[in-house]
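Scroll down for the structure; my scribbles are underneath it.
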Amino acid sequence: MKEKYLIPYKVKVFEKESGEIRDFNDSSSDMLDTILTTVQQFDRKQRREISISGKRHLSITEGKNGVFMGGTINFRY
């Protein structure tokens with residue numbers, strides 16, 4: 001997003017309580033962005049896997065009596 005939209009269109013990003021303007025040319029802030037993005041992607045993937053495994057568990061344990069949570073309808077529903 002930063003490379004495609006913020007820098008080319010010269011968008012000013014204000015951060016912190018003091019309202020400092022974000023410097024996109026600073027290497028330390030670029031590294032921090034990379035680290036935070038990687039951690040957020042990992043967290044999102046982990047939550048997705050937990051959600052899927054929980055739905056599979058409910059489908060297996062409850063079977064046709066389980067609550068429909070969207071997606072493909074269970075066999076013999």
In the range 19-41, is there at least one residue being surrounded by 10 or more Cβ atoms within 10 Å (Cβ to Cβ), over 28 Å from residue 71 (Cα atoms) and in contact (Cβ under 8 Å) with a residue 24 or more places away in the chain? yes
Members of the range 1-18 that are out of contact with any Lys or Arg (no Cβ under 7 Å at 6 or more places or on another chain), in a loop (DSSP other than H, G, I, E, B) and either touching a residue at least 60 places away in the same chain (Cβ under 8 Å) or more than 30 Å from residue 71 (Cβ to Cβ) (or both): 7, 8, 9, 10, 11, 12, 16, 17, 18
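Read the figures in this text as sums done on the coordinates, not as results from a lab. Bear in mind the structure is a predicted one, so any value in this text is a computation, not a measurement. All Cβ positions, glycine included, derive from the backbone under ideal geometry; neighbour counts span all protein chains shown.
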